[in-house]
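Beneath this line is the structure, given in structure tokens, with notes to follow.
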């Protein structure tokens with residue numbers, strides 16, 4: 001899956017799935033634009049990308065701010081003159097509360113990052129890709145883009161929205177050389193989980209996956225790589241779960 005000289009923008013690139021995607025894409029020759037609010041993480045990943053023999057630039061990107069999403073795409077065009085692939089991965093978990101008690105500020109923040117951030121990303125990525133002759137966009141949704149999860153109404157609503165937004169964009173740009181797909185990870189062992197769950201809680205969640213464990217960021221990255229490549233040339237508007245069988249329950 002040769003991505004030599006392809007320019008790839010990854011949001012949430014400073015850790016977790018975004019980091020794994022960046023490192024795998026670098027191994028396949030991509031030139032990376034690493035975007036995150038965590039600039040220390042971005043610089044660390046950029047160092048690893050360069051050590052792998054690829055090019056990387058970093059840009060601060062709070063995806064809940066449209067102007068910063070526009071600036072991230074502008075950084076790609078300035079550094080490399082084109083944009084071929086985008087991975088809209090940045091996301092947050094949010095508060096845990098029943099819907100009738102869900103904090104309004106928590107709702108607004110989760111929707112702003114997890115849903116608006118994907119729209120803002122595509123809003124500026126798509127015109128750049130059209131100028132570049134086409135491209136591929138992967139929106140990182142979740143298994144919770146397909147099912148509910150108690151006390152997580154904002155996250156579930158946002159991820160369902162990402163799946164629908166992906167389908168709509170795919171339909172609109174299918175004849176213009178841009179493919180748009182969504183990926184639904186199960187519970188993946190990332191800093192997001194480490195910050196919010198105890199080991200006991202993570203063991204309980206792992207048991208919900210028939211495969212019997214949490215996923216690894218690298219396992220998600222492999223699917224994202226395939227979707228980005230020409231191997232997936234007839235794939236658009238699709239949702240792919242990487243969930244250890246979670247959705248079979």
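Overview of results
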read-out: Selection status of residue 180, surrounded by fewer than 19 Cβ atoms within 10 Å (Cβ to Cβ) and either in contact with a strand residue (DSSP E or B) (Cβ under 8 Å, 6 or more places away or on another chain) or more than 18 Å from residue 89 (Cβ to Cβ) (or both); value: no
read-out: Number of the condition not met by residue 147 [criteria: (1) in a helix (DSSP H, G or I); (2) in contact (Cβ under 8 Å) with a residue 24 or more places away in the chain; (3) out of contact with any strand residue (DSSP E or B) (no Cβ under 6 Å at 6 or more places or on another chain); (4) under 24 Å from residue 214 (Cβ atoms)]; value: (1)
read-out: Given (1) touching a strand residue (DSSP E or B) at 6+ places or on another chain (Cβ under 6 Å); (2) outside any strand (DSSP E or B), index of the condition residue 203 fails; value: (1)
read-out: Scan of the stretch 206-245 for residues that are in a helix (DSSP H, G or I) and over 23 Å from residue 85 (Cα atoms), ordered by number; value: 206
read-out: Residue match in the stretch 7-19 (condition: farther than 22 Å from residue 188 by Cα, in contact (Cβ under 8 Å) with a residue 60 or more places away in the chain and assigned to a strand (DSSP E or B)); value: yes
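Bear in mind these aren't lab numbers, they're just calculated from the coordinates by the rules spelled out. Because the structure is predicted, anything quoted here is derived from the model rather than measured. All Cβ positions, even for glycine, are placed from backbone atoms using ideal geometry, and neighbour counts span all protein chains on display.
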